[in-house]
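Novice: I'd like to ask some things about the structure below.
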Amino acid sequence: MPEDHEDIIEIEGLVKRFGDQTVLNGINLTIHPGETMVIMGGSGSGKSTLLRNMIGTFTPEEGSVKLFGKDLATLDEEGMNEVRKQFGILFQSGALFQSLTVAENVALPLEEHTDLDANIIDFMVKIKLELVGLRDAADKYPAQISGGMKKRAGLARALALDPKILFYDEPSAGLDPVTSAAIDQLMVDLTRKLGVASIVVTHEMDSAFTIADRMAMLHKGRMIMVDTREAYEKLRDYPQDRIGELTEEQQLIRQFLRGDHEGPMTESHTQNSYEEDLLGADLSKLTGGRAIQTTRRIK
């Protein structure tokens, strides 16, 4: 890990709304230099929105997001560009330019953000491609390589400017288990070799437990647990016959980690809230006070 142990990302009281919908509600999170933080949660929990706040795409309604001690919401375009040079992003699809070769895709950030000579850029591109095992594919176009290779090429491009932070958006999405495991190992190796902080948004638990130093669990826009991988493993493996000892949130996290079909995550709303959501009215008036029977658990 780098000698500087100050938090490289600081999120305090983050609230993000879209219209009347609060997607993130009071998020607090810190990322340390050189660690891998896995951010997880079910669909609609706010993972991608949190990521986009961390890279400055979204601006929070309340709270702050600081990278390298700088509040992103206070930066002008020039200041934001300087911060962007210090992090790289691996998008879910790889996001390669189809008209450029793999090498040209990796060279693009260097051409846009540096004044380096073309020979130096070519040298650096070869180094980045070697890091991800793609030097032999330098002259191929994205359409000519596999999904796993596209992810590697996207990662090489994310590394082009020697970032201090790497963001990964569902890096295992769309990959077969063997290729996914290879990407996981590559992420671990790069973090160790380069000392970058890695923030990984995923719902793939096998991947999460392979790569994480710490893990953060989102649920309905709230951060309900931030702890070490070991703490999450202990919760995942908690005996079923002692589950009553856990809080409801701990049971919810355990269910998510194990992929169980029954538990707090799959319980439906209470009868009253369901009825009100369904018809938006006081049903007792509509039914003359008669109760309407509803199912309380998803089968």
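Novice: Which count do you get for residues in segment 32-43 that are over 17 Å from E230 (Cα atoms) and buried (at least 21 other Cβ atoms within 10 Å of the Cβ)?
Specialist: Looking only at that region, the number is 1.
Novice: Of all residues in segment 204-219, count the ones that are touching a strand residue (DSSP E or B) at 6+ places or on another chain (Cβ under 8 Å) and assigned to a loop (DSSP other than H, G, I, E, B).
Specialist: Qualifying residue count for the region: 2.
Novice: Also, quick follow-up: Search segment 181-202 for residues that are touching a residue at least 24 places away in the same chain (Cβ under 8 Å) and within 25 Å of S45 (Cα to Cα) and pair each with any residue that is part of a helix (DSSP H, G or I) and among the β-branched types (V, I, T) when their beta-carbon atoms are under 7 Å apart and the residues are at least 6 apart or on different chains.
Specialist: D184/T210; D184/I211; M187/I211; S198/T191; V200/I211
Novice: From the list A208, A212, which one is among the small types (G, A, S), within 23 Å of I27 (Cα to Cα) and in contact with a Lys or Arg (Cβ under 6 Å, 6 or more places away or on another chain)?
Specialist: Details: A208 fails: in contact with a Lys or Arg (Cβ under 6 Å, 6 or more places away or on another chain).
Going through A208, A212 in turn, the sole match is A212.
Novice: Here are the criteria: (1) more than 18 Å from the chain's Cα centre (by Cα); (2) more than 24 Å from P163 (Cα to Cα). Tell me which single one I27 does not satisfy.
Specialist: For I27, the failing item is (1).
Novice: For segment 189-202: of the residues being of a type outside the set (A, V, I, L, M) and surrounded by fewer than 18 Cβ atoms within 10 Å (Cβ to Cβ), which is nearest to N53 (Cα to Cα)? Quick ask: steps written out before the conclusion?
Specialist: Of all residues in segment 189-202, those of a type outside the set (A, V, I, L, M) come to 189, 191-193, 195, 198, 202.
Checking the rest, the ones that are also surrounded by fewer than 18 Cβ atoms within 10 Å (Cβ to Cβ) come to 189, 192-193, 195.
Details: D189: 27, R192: 26, K193: 27, G195: 23 Å.
By that ranking, first place goes to G195.
Novice: Looking at segment 55-67, which of its residues are at pLDDT 95 or above, under 16 Å from I9 (Cβ atoms) and surrounded by fewer than 17 Cβ atoms within 10 Å (Cβ to Cβ)?
Specialist: S64
Novice: Additional query: Kindly indicate the residue of segment 123-170 that is farther than 18 Å from S99 by Cα and of a type in the set (D, E) and also surrounded by the fewest Cβ atoms within 10 Å (Cβ to Cβ) among those meeting that condition.
Specialist: Checked segment 123-170; the qualifying residue surrounded by the fewest Cβ atoms within 10 Å (Cβ to Cβ) is D136.
Novice: Does G46 qualify as being closer than 15 Å to V15 by Cβ, under 13 Å from the mean Cα position of the chain (by Cα) and buried (at least 21 other Cβ atoms within 10 Å of the Cβ)?
Specialist: yes
Novice: Of everything in segment 231-259, what is over 24 Å from the mean Cα position of the chain (by Cα) and loosely packed, with under 13 Cβ neighbours inside 10 Å? Give them in sequence order.
Specialist: Hits for segment 231-259 are P239, Q240, D241, R242, G244, E245, T247, E248.
Novice: Residue under question is L166, and the condition is that it be of a type in the set (A, V, I, L, M, F, W, C), part of a loop (DSSP other than H, G, I, E, B) and in contact with a Leu (Cβ under 8 Å, 6 or more places away or on another chain); does it hold?
Specialist: So L166 does not fit the description; no.
Novice: So, in segment 128-163, how many residues would count as being in a loop (DSSP other than H, G, I, E, B) and farther than 17 Å from T179 by Cα?
Specialist: 9
The values are calculated or read from the model by the stated rules, or taken from the named source; none is laboratory data. Bear in mind that the values here come from a model prediction, so they are computed numbers and not experimental data. Every residue, glycine as well, gets a Cβ built from its backbone with ideal geometry; the counts of neighbours run over all protein chains shown.
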